[in-house]
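*Asks:* The structure that follows is given in the form of C-alpha coordinates.
The values are calculated or read from the model by the stated rules, or taken from the named source; none is laboratory data. If you're wondering where the values come from, they're calculated on a predicted model, not measured in any experiment. We place every Cβ from the backbone using ideal geometry, glycine too, and count neighbours over all the protein chains shown.
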Amino acid sequence: MKLSKVFLLLLILPLFAFTVMHKYYISVTQINYIEDKQSVQITSRFFIDDFENALKENYDESIVLAEKDEAERFDSYINKYLKKRIELIINDKSVSFNFIGKEYDGDIIRCYLEVENVKSIESFSITNSVLFDLQSDQQNIVKMNINSKNKSFILTYDNPNALLKFN
(Lines give C-alpha, C1' and ligand atoms only; values in the text may rest on other atoms or scores of the structure.)
Protein backbone atom coordinates (compact mmCIF):
# COMPACT_ATOMS: atom_id res chain seq x y z
CA MET A 1 0.00 0.00 0.00
CA LYS A 2 2.78 2.40 0.90
CA LEU A 3 4.53 1.68 -2.39
CA SER A 4 1.41 2.60 -4.37
CA LYS A 5 1.14 5.96 -2.55
CA VAL A 6 4.78 6.71 -3.32
CA PHE A 7 4.25 5.73 -6.95
CA LEU A 8 1.15 7.94 -7.17
CA LEU A 9 3.03 10.84 -5.61
CA LEU A 10 5.91 10.40 -8.06
CA LEU A 11 3.43 10.35 -10.91
CA ILE A 12 1.57 13.51 -9.84
CA LEU A 13 4.51 15.59 -8.59
CA PRO A 14 5.90 16.39 -12.06
CA LEU A 15 2.50 17.77 -13.09
CA PHE A 16 2.75 20.41 -10.37
CA ALA A 17 6.29 21.28 -11.36
CA PHE A 18 5.17 22.40 -14.82
CA THR A 19 2.19 24.49 -13.84
CA VAL A 20 2.76 28.10 -14.68
CA MET A 21 1.47 30.88 -12.48
CA HIS A 22 -0.20 33.54 -14.54
CA LYS A 23 0.72 37.10 -13.64
CA TYR A 24 -1.88 39.78 -14.14
CA TYR A 25 -0.84 43.05 -15.74
CA ILE A 26 -3.15 45.75 -14.44
CA SER A 27 -2.89 49.44 -13.63
CA VAL A 28 -5.50 51.76 -12.15
CA THR A 29 -5.84 55.44 -13.00
CA GLN A 30 -8.23 57.67 -11.05
CA ILE A 31 -9.25 60.96 -12.70
CA ASN A 32 -11.07 63.62 -10.67
CA TYR A 33 -12.26 67.00 -11.88
CA ILE A 34 -12.15 69.50 -9.03
CA GLU A 35 -14.37 72.26 -10.40
CA ASP A 36 -13.68 74.91 -7.74
CA LYS A 37 -9.92 74.51 -8.32
CA GLN A 38 -10.36 74.26 -12.12
CA SER A 39 -8.12 71.23 -11.95
CA VAL A 40 -8.08 67.68 -13.26
CA GLN A 41 -6.18 65.55 -10.76
CA ILE A 42 -4.91 62.16 -11.85
CA THR A 43 -3.45 59.34 -9.78
CA SER A 44 -2.04 56.33 -11.61
CA ARG A 45 -1.00 53.14 -9.82
CA PHE A 46 1.34 50.58 -11.35
CA PHE A 47 3.28 47.60 -10.07
CA ILE A 48 6.81 48.84 -9.44
CA ASP A 49 8.53 45.93 -11.20
CA ASP A 50 6.51 46.37 -14.40
CA PHE A 51 6.95 50.14 -14.43
CA GLU A 52 10.66 49.83 -13.69
CA ASN A 53 11.07 47.38 -16.59
CA ALA A 54 9.34 49.82 -18.95
CA LEU A 55 11.69 52.63 -17.89
CA LYS A 56 14.71 50.35 -18.26
CA GLU A 57 13.64 49.31 -21.74
CA ASN A 58 12.94 52.88 -22.85
CA TYR A 59 15.62 54.94 -21.11
CA ASP A 60 18.24 53.50 -18.79
CA GLU A 61 19.11 49.90 -17.85
CA SER A 62 20.42 51.04 -14.46
CA ILE A 63 17.04 52.25 -13.17
CA VAL A 64 16.04 50.78 -9.82
CA LEU A 65 12.88 52.29 -8.36
CA ALA A 66 11.88 52.49 -4.69
CA GLU A 67 15.46 52.74 -3.43
CA LYS A 68 16.38 55.18 -0.65
CA ASP A 69 19.04 56.85 -2.78
CA GLU A 70 16.96 56.84 -5.97
CA ALA A 71 18.42 59.15 -8.61
CA GLU A 72 16.47 62.35 -9.26
CA ARG A 73 16.81 61.79 -13.00
CA PHE A 74 14.37 58.91 -12.66
CA ASP A 75 11.55 61.45 -12.18
CA SER A 76 12.36 62.93 -15.57
CA TYR A 77 12.21 59.44 -17.12
CA ILE A 78 8.86 58.80 -15.43
CA ASN A 79 7.52 62.14 -16.67
CA LYS A 80 8.80 61.50 -20.20
CA TYR A 81 7.36 57.98 -20.30
CA LEU A 82 3.94 59.04 -19.01
CA LYS A 83 3.77 61.95 -21.48
CA LYS A 84 4.55 59.51 -24.29
CA ARG A 85 1.92 57.00 -23.14
CA ILE A 86 -0.97 59.14 -21.83
CA GLU A 87 -2.85 61.58 -24.04
CA LEU A 88 -5.64 63.77 -22.70
CA ILE A 89 -8.21 65.65 -24.75
CA ILE A 90 -10.58 68.00 -22.95
CA ASN A 91 -13.37 69.69 -24.91
CA ASP A 92 -11.83 68.48 -28.18
CA LYS A 93 -8.46 70.10 -27.38
CA SER A 94 -5.29 68.21 -26.57
CA VAL A 95 -3.99 69.24 -23.14
CA SER A 96 -0.75 68.51 -21.35
CA PHE A 97 -0.44 67.48 -17.75
CA ASN A 98 2.12 68.30 -15.09
CA PHE A 99 3.94 65.48 -13.35
CA ILE A 100 3.52 66.38 -9.67
CA GLY A 101 5.45 63.50 -8.17
CA LYS A 102 5.33 59.89 -7.08
CA GLU A 103 5.29 57.73 -3.99
CA TYR A 104 5.72 54.06 -3.24
CA ASP A 105 3.42 51.81 -1.26
CA GLY A 106 4.63 48.22 -0.99
CA ASP A 107 4.97 46.96 -4.56
CA ILE A 108 2.96 49.87 -6.04
CA ILE A 109 4.15 53.18 -7.48
CA ARG A 110 1.64 56.04 -7.45
CA CYS A 111 2.19 58.81 -9.97
CA TYR A 112 0.42 62.14 -9.51
CA LEU A 113 -0.50 64.27 -12.51
CA GLU A 114 -2.51 67.47 -12.90
CA VAL A 115 -4.09 69.54 -15.64
CA GLU A 116 -4.61 73.13 -14.51
CA ASN A 117 -6.96 75.90 -15.69
CA VAL A 118 -9.84 73.67 -16.74
CA LYS A 119 -12.91 75.90 -16.43
CA SER A 120 -15.44 73.30 -17.52
CA ILE A 121 -15.58 69.87 -19.10
CA GLU A 122 -18.01 68.99 -21.86
CA SER A 123 -15.98 66.02 -23.10
CA PHE A 124 -12.99 64.13 -21.74
CA SER A 125 -10.92 61.64 -23.69
CA ILE A 126 -7.93 59.63 -22.53
CA THR A 127 -5.55 57.36 -24.37
CA ASN A 128 -3.61 55.31 -21.85
CA SER A 129 -1.07 52.92 -23.37
CA VAL A 130 1.18 52.75 -20.30
CA LEU A 131 3.00 49.40 -20.17
CA PHE A 132 1.48 48.20 -23.47
CA ASP A 133 5.03 48.31 -24.85
CA LEU A 134 5.94 45.63 -22.30
CA GLN A 135 2.85 43.42 -22.17
CA SER A 136 0.18 43.12 -24.83
CA ASP A 137 -2.17 41.66 -22.19
CA GLN A 138 -1.78 44.74 -19.96
CA GLN A 139 -5.11 46.23 -18.85
CA ASN A 140 -5.35 49.84 -17.72
CA ILE A 141 -8.43 50.52 -15.65
CA VAL A 142 -9.50 54.17 -15.79
CA LYS A 143 -11.98 55.53 -13.25
CA MET A 144 -13.37 59.00 -13.91
CA ASN A 145 -15.23 61.29 -11.55
CA ILE A 146 -16.11 64.30 -13.69
CA ASN A 147 -19.08 66.65 -13.26
CA SER A 148 -20.47 64.35 -10.55
CA LYS A 149 -20.54 61.47 -13.02
CA ASN A 150 -18.60 58.29 -12.22
CA LYS A 151 -17.55 56.05 -15.07
CA SER A 152 -14.99 53.25 -15.37
CA PHE A 153 -13.25 51.86 -18.43
CA ILE A 154 -10.91 48.95 -19.07
CA LEU A 155 -8.35 49.97 -21.68
CA THR A 156 -6.44 47.31 -23.58
CA TYR A 157 -3.72 47.09 -26.20
CA ASP A 158 -6.39 46.87 -28.91
CA ASN A 159 -8.56 49.60 -27.37
CA PRO A 160 -6.48 52.13 -25.39
CA ASN A 161 -9.06 54.97 -25.55
CA ALA A 162 -11.95 56.15 -23.40
CA LEU A 163 -14.34 59.04 -24.03
CA LEU A 164 -16.85 60.68 -21.71
CA LYS A 165 -19.31 63.32 -23.01
CA PHE A 166 -21.54 65.63 -20.99
CA ASN A 167 -24.10 66.98 -23.49
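*Asks:* Of all the residues that make up segment 134-148, how many are modelled with pLDDT of 95 or more and either in a strand (DSSP E or B) or among the hydrophobic types (A, V, I, L, M, F, W, C) (or both)?
*Replies:* The qualifying residues number 8.
*Asks:* Another question, then. Can you find a residue in segment 48-61 that is modelled with pLDDT under 90 and part of a helix (DSSP H, G or I)?
*Replies:* no
*Asks:* Out of Asp133, Asp137, I need the residue that is in contact with an Asp or Glu (Cβ under 9 Å, 6 or more places away or on another chain) and of a type in the set (Asp, Glu). Which one?
*Replies:* Numbers: Asp137 fails: in contact with an Asp or Glu (Cβ under 9 Å, 6 or more places away or on another chain).
That would be Asp133, the only listed residue that is in contact with an Asp or Glu (Cβ under 9 Å, 6 or more places away or on another chain) and of a type in the set (Asp, Glu).
*Asks:* Does at least one position in segment 104-115 carry a residue that is β-branched (Val, Ile, Thr), under 25 Å from Asp36 (Cβ atoms) and more than 15 Å from the chain's Cα centre (by Cα)?
*Replies:* Taking segment 104-115 first, the residues β-branched (Val, Ile, Thr) are 108-109, 115.
With the extra rule that they be under 25 Å from Asp36 (Cβ atoms), the set shrinks to 115.
The next check asks that each one be more than 15 Å from the chain's Cα centre (by Cα); those that pass are 115.
Looking for residues that are β-branched (Val, Ile, Thr), under 25 Å from Asp36 (Cβ atoms) and more than 15 Å from the chain's Cα centre (by Cα), one finds at least one in segment 104-115, hence yes.
*Asks:* From the list Val64, Val142, Val118, Val130, which residue is hydrophobic (A, V, I, L, M, F, W, C), in contact (Cβ under 8 Å) with a residue 60 or more places away in the chain and touching a helix residue (DSSP H, G or I) at 6+ places or on another chain (Cβ under 8 Å)? Step through it out loud before you land on a result.
*Replies:* Values: Val64 fails: in contact (Cβ under 8 Å) with a residue 60 or more places away in the chain; Val142 fails: touching a helix residue (DSSP H, G or I) at 6+ places or on another chain (Cβ under 8 Å); Val118 fails: touching a helix residue (DSSP H, G or I) at 6+ places or on another chain (Cβ under 8 Å).
On inspection, the qualifying residue turns out to be Val130.
*Asks:* Just need a number here: residues in segment 116-133 that are surrounded by 15 or more Cβ atoms within 10 Å (Cβ to Cβ) and in a loop (DSSP other than H, G, I, E, B).
*Replies:* 7
*Asks:* Moving to a separate point now. Please specify each residue of segment 91-101 satisfying the condition of being surrounded by 15 or more Cβ atoms within 10 Å (Cβ to Cβ) and outside any strand (DSSP E or B). Before the answer, list the steps.
*Replies:* Of the residues in segment 91-101, the ones surrounded by 15 or more Cβ atoms within 10 Å (Cβ to Cβ) are 95, 97, 99.
If the condition is that a residue be surrounded by 15 or more Cβ atoms within 10 Å (Cβ to Cβ) and outside any strand (DSSP E or B), then Phe97 is the only one that fits.
*Asks:* Another question, if that's okay. May I ask you to verify whether Lys84 is over 12 Å from the mean Cα position of the chain (by Cα), surrounded by fewer than 16 Cβ atoms within 10 Å (Cβ to Cβ), charged (D, E, K, R) and not in a helix (DSSP H, G or I)? Break it down into steps so the answer makes sense when it comes.
*Replies:* Working: over 12 Å from the mean Cα position of the chain (by Cα): yes; surrounded by fewer than 16 Cβ atoms within 10 Å (Cβ to Cβ): yes; charged (D, E, K, R): yes; not in a helix (DSSP H, G or I): no.
Criteria not met by Lys84.
*Asks:* May I ask you to list pairs of residues, at least six apart or on different chains, whose Cβ atoms are under 6 Å apart, with the first in segment 22-37 being closer than 12 Å to Ser129 by Cα and the second being polar (S, T, N, Q) and modelled with pLDDT of 95 or more?
*Replies:* Ile26/Gln139; Ser27/Asn140; Thr29/Ser44
*Asks:* Still on this structure: Can you tell me how many residues in segment 70-81 are at pLDDT 95 or above and either hydrophobic (A, V, I, L, M, F, W, C) or part of a loop (DSSP other than H, G, I, E, B) (or both)?
*Replies:* Final tally of qualifying residues: 1.
*Asks:* Please go through segment 140-154 and pick out each residue that is surrounded by 13 or more Cβ atoms within 10 Å (Cβ to Cβ) and either under 16 Å from Thr43 (Cα atoms) or of a type in the set (Ser, Thr, Tyr) (or both).
*Replies:* Asn140, Ile141, Val142, Lys143, Met144, Asn145, Ile146, Lys151, Phe153
*Asks:* If you scan segment 102-113, which residues turn out to be out of contact with any Cys (no Cβ under 8 Å at 6 or more places or on another chain) and part of a strand (DSSP E or B)? Don't jump to the end; show me each part of the working.
*Replies:* Start the filter on segment 102-113 by keeping residues that are out of contact with any Cys (no Cβ under 8 Å at 6 or more places or on another chain), which leaves 103-113.
Listed by number, the residues that qualify are Glu103, Tyr104, Asp105, Ile108, Ile109, Arg110, Cys111, Tyr112, Leu113.
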